[in-house]
Structures are given as C-alpha cells and as structure tokens.
1. Using θ = phi - 60° and the Karplus form 6.51 cos²θ - 1.76 cosθ + 1.60, what ³J(HN,Hα) does each residue of the range 66-77 get, whole Hz, x for Gly and Pro?
2. How far is helix 540-553 tilted, in degrees, relative to the longest principal axis of the Cα atoms in the chain, given as a value from 0 to 90 rounded to the nearest 10?
3. Give the peptides 135-143, 697-705, 649-657 in descending order of average Cβ contacts within 10 Å, highest first.
4. At a threshold of 8 angstrom on Cα-Cα distance, excluding pairs fewer than six apart, so keeping six or more, what relative contact order does the chain reach in percent?
5. Place a +1 charge on the Cβ of each Lys and Arg in the range 637-711 and a -1 charge on the Cβ of each Asp and Glu, then give the dipole magnitude about the Cα centre in debye, rounded to the nearest 20.
6. Which ³J(HN,Hα) values, rounded to whole Hz and listed in residue order, are derived for the range 445-455 from phi using the Karplus coefficients 6.51, -1.76 and 1.60 in 6.51 cos²θ - 1.76 cosθ + 1.60 with θ = phi - 60°, glycine and proline given as x?
7. Given N residues in the range 347-474, what is Rg(Cα) / (2.2 N^0.38 Å)?
8. What order do you get for Y610, Y693 when you list them from fewest to most C-beta neighbours inside 10 Å?
Amino acid sequence: MNILQSLSNIVQKVNSAPDLQSALDIIVTQVREVMGTEVCTVYMADHQEQRLVFRATEGLNKSALGNLSLGFGEGLVGQVALREEPINTDNAESHRYFQYLEDIGEESFSSFLGVPIIHHRIVLGVLVVQQTIKRRFDESEEAFLVTMSAQLAGLIAHAQVTGLVDLRADADAVNAEFRGVAGASGVAIGRAVVVSPPADLYAVPQRKSRDPYEELTFFRACVARVRNDIEQLSSQLADRLPPQELALFEVYSKMLDSPALPAEIEELIEQGEWAQGAVAHVIRMHLKAFEQMDNPYLKERAVDVKDLGRRLLEYLQQANQEPVIYPDRAILIGHELTASMLAELPRKKLAGLVSLRGSRNSHVAILARSMGIPTVMGAADVPFMQLDGSELIVDGYAGLVYFNPAVELLASYEAIVEEERLVSRGLEALKDLSCETTDNHRVSLWVNTGLASDIVRSLDRGAEGVGLYRTEIPFIMQDRFPSEEEQRTIYRMQLEAFAPRPVTMRTLDIGGDKALSYFPIEEDNPFLGWRGIRVTLDHPEIFLSQVRAMMKASVGLNNLRIMLPMISYVKELDEALVLIRRAHAELIEEGVDVLLPSIGVMVEVPAAVYLSAQLASRVDFLSVGSNDLTQYLLAVDRNNSSVAELYNSYHPAVLQALVQVASASHAAGKPVSICGELAGDPGAAVLLMAMGYDSLSMSATNLPKVKSVLRSVSKVEADELLERIMSMHEIEDIRAAVEDLFEEKGITRLFRDSIKQRQVM
C-alpha cells in the first residue's frame, strides 16, 4: 500500500466534493477500497444530543443512514469516541463493550477497527472498517486509518462550516457560529452585505434574481458581447499568430455555444439564481473537473475556462447598473475588505465588518477601531457567498460571527447593545474628571493613536496624553517611504492636537503582520524575524530621517517622547541611543532649537522582561506592549483564529512578567506604562494599577469604562486583589476573583472581555 499516494488521492477527491454528505460518501468508498475491507463506515458526532449518528457507509445497510445512532460510550463506536483512541478487535461480538445495533446489517462482521476523528480536541465522529474473517488488523493498517482520520478531520470540520453546507437550506444552521480574530471591539446586529472585487469567480455571493426571464435575457446579451470580443481578438491577431495558436479562439467560441457552458448556466438562472452567481458556480465546477484530470493538456484547459468565466462575469458586473441599496444596519462582509469598500457605504448605515482575511493590524481593522465599528478579521471559515442579506451578529470582543441567530441569542445580544449604549452615555460625564481611586491614588489614562481621526475621539473622551502613536500607519498608507518633511507635517499635527499633553511616538515598527507594499519582508516566521528595531538599525537612513522629523515637529511644543520597539538586547538600545543623539546634534548644528526628548523602551519580548532593570537605567521610561509580550510568552499567534483561545493576558506567567517590569522600572526611579490591549480591559486596569503602572494607554473607546472602574475602587482593594491572584495558577480563578470585586462594587456591567463569557455569568 502506497500510503502517501492513497492519502493524497482520497484527500483530493474529498476536497472536490460539492457537499458534506458527498465528502463522507467518498471517504467510506475510498478507504474501503484502499484497505481491502468489506465495510467502511463514518459516524458523525451530534454534541447537542451526545450521540454518534450513522451517516455514511459502504458495506452496511444504507437505508438506515441518518436514522440510527449510538450514545457517547455506547457500543464499540461510542467507546472510541468517549476514550478518543482506537479499538482494534478480531471478535467484535465478544468484546465487553459490543452492542448490537438493529437494522444496520453488521451481524456477520467479526473484525472491527474504529478510530476517532478529532479536530482541535473536539471529536467529530468515528471512522470504522470491518470484515467477516476473524483477524486483528495489523499495525500498518491501524496506522493508516489513524493517519487518514487525522487528515480528514480538518476537511470535515471545514465542510461543516463552509460552502459545503448550504446554510440557507440547513434547518440546523440556527446560531451557526464562525470564529475569527477580534478586530475592533463592540457588538453589531444587522444584515449582511457581501462585497467582492470585480470579476472574482470565488467571491460572488449566492442571490436569487427578481425576474428569471429578465436575468436570462441579460445573460444572453453578455454572452453575445463576449463572443464578439473573441471574434475581434482573433481577427486582430490573424496575421501575427500561427493557425495552431489561433485555434484557441475557436475553442472559446465553441465553449460559448448554447449546448455547452451557457446551457448549464441558463438552467441555474431558470431555477432562480442571478446570472453572476450562476456563471461563478458553473465555471468553478468545470475548473475543479479540469484541474483533477491526469492528462496534462486537458488539465491546462482550466486556464481557458477561468478566462472565459472572468470575461462573462466582467460584462455581467459592468452592465448591471442597479444601484446598491444598503440596509439600515449593514454588516459588510467579504473575502478581503479594503478601506475603499468601507468608503462606498454611508457611515450611518454601517454597523459591522467581517473579513475572511486579515488580522488586527490590517488597514481595515485599524480604520474600524478608529471609527468604532465592531469588526471580526480572519474569519476564514465563513461561507460568505451564502450570507448576502442574512441576519448576522458580529461579536467584536470574542471574534465571533453568528448566522441566523435564534430568538434567545438575538435578545441576549440586543440587551448587550442597549446596555453598552446606556453605559456609554452615562460615562460621558467623566470626561473632565481625573482618574483617581476612592482613596485618592492617581493614574494617568492615555490613548493609542495612529490616524488623524483618532485625535478628536481621544480628546472627546478625556485623554491625558498619547501612550502610543503608531508611526508605521502613515508609512502603510503610502506607496513609498514618506519624506522627512512629510513625516514632520504628520507628526506636528499629532503633537499640536494634544499639546501640552505628552505624545509617545514609537519608531517605525514594521515586520510580522505589519508589512509595507514597497518594502516587502518575506520570511518563514515573520514574528521571530526581521522586525521593529532590527529593521531600522539595519537601515539607519530610515531611522535617522524619522527621528529628525519627530524632533523637528516638536519645536516649541516639547511634548514629544520617543519609544523604541522590539528591543531584546542592551546593545540594540545603545546603538539606537547613539543615532538619536546624533540626529539631535545635527539639528542643533542646523539651527533647529529643539530639546532632546524623553526616550523609552517598549518591553514586548521575554528578553526585555529579564533585562528591564538594565534597560530602565539607560532610558527615561519603560512601556509594556502587552499584545506582543503575551503572544511571545505563551507562544501563541494572536492573529491565528485556530489558537486564539490560548491567547489570554490573564495567564499567570503574563501577570508575573508585568509585575517584574513595574518593579524594575520603579527601582531605577523611572515611570512605567502599558500600551497594549490589556490596558483597556477594566478588570486588568485594576490589577495594573496595583502593580504600580503609572499610566495606562488604550483605545479611546475603552477609556471612559476604565476611568469609571478605577474611580469606583480603592488602591487598597486593588492591592489586596493582586496579592490574592498572584498565588493563583488558573486563568478562570483569576477572572473569577476580578469579577467578585466588580460584583461587590456593582460595576459588573463594565467588565467586558468576551460576550460569550458574559452570557454564561
């Protein structure tokens, strides 16, 4: 048995399945054939009912499919699921866990091998092979089936939540949940508006036409225009191409003949599908067929089919002059949202965003946070083409999207939206009040900025300064490096707007998930690669130009602070300090009357935690970047939805690191701040205050909530809470302790982390 070849063939065929049931049927047919057994069966887990449903088989009674099931732990199949390990026996009927399942037709089969299908610790089902002859399946056979189940687990999980499941027709799709990455906090409830780039065959939403006859006429007119284009191209190139090359245009024309592609597309249109969706569906099906062919010549014809499909789609989209009517609470959803897509929709009607690609640092996520629009990024499994016009819930706290929410879930989220609206209104009165605890301990609340639009929102919420100005954003928004004068102008606007309040400007922090289109960094592991200070020290011309622009922008204001990102060696800091002092000396020589600003280090890698005392002795302040520090300490990519649940800044290791940094900074007589997302968590803010952080920097949206919480507790109470939780080992216990204090103070409504958690409280 060529295991790798067999695996590859089965996986390829499963990937081409039009729906989940077809995928399961392919699995049982192919596995039975490869293993040479008489029976192969898949049981699918129904976790709501805690049962394993008889879903696909080759060799047993197919009339019983969907009608029979076993409980978890019931029979051999149930034991495989419960124990999450294989069972291999040559005498199934004598096994102590054997249970006869009526009408399934397995009486004559003695040999049994069952393996669990597990994806991300969740049992999706059980894969079983059986045969009449009494023999124990050997190690290689068992290993193959285990390997096969592991390969198929991801495919089955994906099939359950993507286009392989027709959500519109699936009655079980109530509260269908899709996970992504939290892009901008908040909750949005509204109707999906699917957007896609032009002529993209894989981004056309499924939609019913208003008038099938009109749509059919429209499609035929577009076919005629494409045919005319092809004839013109053929004529233009007739004297430049040999006959065999010109034959390609004849192939295109034949594909446009009514018995060919148009007939299949027209059939879908007649069934009620709009022309664009029908074209995209048929072309994609043909592409799959061509791409799976063994004949190299025929396989290459997939390119021709795709080209023809795009031409048709382009005309359909150009000719469709119907104005887009946006619902009042539109949730924009697409494969990859862009800033221009946001601009096309009236702000008053935009309720939320869902993007299948991208991370928290994507342009659209940055804009969404600035505009206060709840956003989920990286929701790769969302079958967005099916969702146009559907009711959705976007949970920007937990990175969740719900399709077709039940009345109870909808009511729960509507209550949260209303509660947050009332809370927000009530917090407006806090704008001009200082952030002081009930026993008069003062904490400065600053904001994180990056866009010009952040300024007004920050000042409106009573920001006392800027703890992090992301200078990379102006770089990201351009198609080249901005000049020194261009940078000076941008920086001056920030410094003037907040003066005399301090503005902390982080030097260029690119790499990882923050890329410049004109300065590509291609690495296998970008988060552990060339990023932050490593890039700018290797390019002193970029660093010096930026630092000069910052200092020139601060002339007469003197509210600039410069912060260095991704420092992991004392040597890096020393080299950066030399360059900053050099830039300052140059400006003085040029006659620019500017003071040397305060200089600080961002503590965001574990090495900097352990070096915090040495770093603090060399600079004016330390500031913790909790986002990166958490992901590096826990070895969790915060932009990866597959491991998003493991990313938690309440982890004991993270809290201990934060205590260590604060202690080291104060021991050196230097102030310490924090500018990650953790600072904007009201519960964490209480702990950070107790640790000794002098200022907390956050998004403007979170500032009023944090201020309200800190004004509701005493420093003594915060210290006592911190002392208790520092001896705890479980995140749940730490959270519970914080929640207990909030309940005691009557401010539970302000403790916002995950909506899902709040529903359980």
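A short reminder: the numbers here are calculations on the coordinates, not readings from a lab. Treat the numbers as computed from the prediction; the structure is a model and nothing was measured. Ideal geometry is used to build each Cβ from the backbone, glycine not excepted, and the neighbour counts take in all protein chains shown.
1. Result, rounded to whole Hz: x, 9, 10, 7, 10, x, 4, x, 8, x, 5, 4.
2. It works out to around 50 degrees.
3. On the way: 135-143: 13.7, 697-705: 23.7, 649-657: 18.9.
Sorting 135-143, 697-705, 649-657 by mean packing, highest first, produces 697-705, 649-657, 135-143.
4. On the way: 1402 pairs, mean separation 77.2, N = 761.
For the chain, the relative contact order is 10 percent.
5. Numbers: 5 positive and 5 negative charges, 58 e Å.
So the magnitude is around 280 debye.
6. So the Karplus estimates, Gly and Pro as x, are 10, 10, 10, 9, 10, x, 10, 4, 5, 5, 4 Hz.
7. Numbers: Rg = 17.6 Å, N = 128, 2.2 N^0.38 = 13.9 Å.
Compactness ratio reported: 1.27.
8. Numbers: Y610 14, Y693 26.
In order of increasing Cβ crowding within 10 Å: Y610, Y693.
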